[in-house]
1. Those residues that are touching a residue at least 60 places away in the same chain (Cβ under 8 Å) and assigned to a loop (DSSP other than H, G, I, E, B), I need them from segment 34-51; list them, please.
2. Tell me yes or no: at least one residue of segment 81-99 is at pLDDT 95 or above, exposed (fewer than 15 other Cβ atoms within 10 Å of the Cβ) and under 14 Å from the mean Cα position of the chain (by Cα).
3. With the structure loaded, tell me whether residue 49 is over 24 Å from residue 125 (Cα atoms) and buried (at least 17 other Cβ atoms within 10 Å of the Cβ) or whether it fails that test.
4. So, in segment 166-223, of the ones that are assigned to a helix (DSSP H, G or I) and at pLDDT below 95, which residue ends up farthest from residue 96 (Cα to Cα)?
5. Sort out which residues of segment 88-118 are in contact with a helix residue (DSSP H, G or I) (Cβ under 9 Å, 6 or more places away or on another chain), closer than 19 Å to residue 41 by Cα and outside any loop (DSSP other than H, G, I, E, B), and write them in order of number.
6. Just checking, does segment 196-210 include any residue being more than 19 Å from residue 65 (Cβ to Cβ) and exposed (fewer than 15 other Cβ atoms within 10 Å of the Cβ)?
7. Among (1) in the same structural domain as residue 45 (by TED's automatic domain parsing); (2) farther than 18 Å from residue 68 by Cα; (3) touching a residue at least 60 places away in the same chain (Cβ under 8 Å), where does residue 165 come up short?
8. Checking residue 144 against (1) more than 21 Å from residue 40 (Cβ to Cβ); (2) assigned to a loop (DSSP other than H, G, I, E, B): exactly one of these is not met. Which one?
């Protein structure tokens with residue numbers, strides 16, 4: 001066997017070993033323990049939730065997508081709900097908050113978050129993994145409460161390196177977006193994302209999906 005073939009075999013072996021030993025990549029949108037995305041829940045299911053009538057559910061659907069929980073909160077209050085009623089509703093539906101950019105106003109709308117989580121969510125930025133979130137937040141509230149908080153937040157999905165599992169964690173993305181996100185790599189700008197994805201789902205849905213992603217320009221795919 002000549003030297004070139006030997007080196008090729010070694011490279012294949014090393015790549016295979018690295019793949020097998022690499023840690024699992026976890027989805028970047030927090031795992032739900034019962035909380036549903038307010039932008040994708042069917043109207044009929046909305047109407048069954050606390051403090052929502054069929055008319056209120058229809059009005060909510062007509063205004064979707066909401067690009068933040070603050071926007072949804074304003075809509076609910078403008079529709080006649082009290083803040084206490086909206087807060088009760090947020091134990092069932094919500095608009096995920098970006099852990100790395102979420103505002104104080106957004107974080108305070110997360111059930112049981114309070115000013116303590118405003119401080120902790122901000123202090124430990126940038127958030128890069130759920131292992132980091134578990135480690136830092138469970139120190140203050142325990143793992144059970146940490147898992148409940150995860151339902152309301154997300155770590156942006158890296159467009160150029162995300163696994164299919166990562167993409168599928170985005171509410172409403174589905175297999176169609178798995179295919180399109182992968183097909184148009186490398187992603188280099190938001191303008192590119194808007195142009196390519198809006199061809200399939202329109203401008204409003206593209207804006208909703210953009211909330212969950214980031215362009216990892218340092219990755220080999222983006223160069």
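The values are calculated or read from the model by the stated rules, or taken from the named source; none is laboratory data. Note that the structure is a prediction, hence the values are computed from the model and not measured. All Cβ positions, glycine included, derive from the backbone under ideal geometry; neighbour counts span all protein chains shown.
1. Pass one, segment 34-51, residues touching a residue at least 60 places away in the same chain (Cβ under 8 Å): 34-35, 37, 39-40.
Once the filter is applied, which keeps residues that are touching a residue at least 60 places away in the same chain (Cβ under 8 Å) and assigned to a loop (DSSP other than H, G, I, E, B), segment 34-51 yields 34, 35, 39, 40.
2. no
3. Details: over 24 Å from residue 125 (Cα atoms): yes; buried (at least 17 other Cβ atoms within 10 Å of the Cβ): yes.
In short, yes.
4. If we filter segment 166-223 for residues that are assigned to a helix (DSSP H, G or I), which is where we start, we get 166-168, 174-183, 190-210, 220-222.
After this cut, where a residue has to be at pLDDT below 95 as well, the list is 220-222.
Values: 220: 29, 221: 27, 222: 27 Å.
Taking the candidates together, the pick is 220.
5. Selection gives 89, 93, 94, 97.
6. Looking only at segment 196-210, we keep the residues that are more than 19 Å from residue 65 (Cβ to Cβ), and these are none.
No, segment 196-210 contains no residue that is more than 19 Å from residue 65 (Cβ to Cβ) and exposed (fewer than 15 other Cβ atoms within 10 Å of the Cβ).
7. Failed condition: (1).
8. Result: residue 144 fails condition (2) only.
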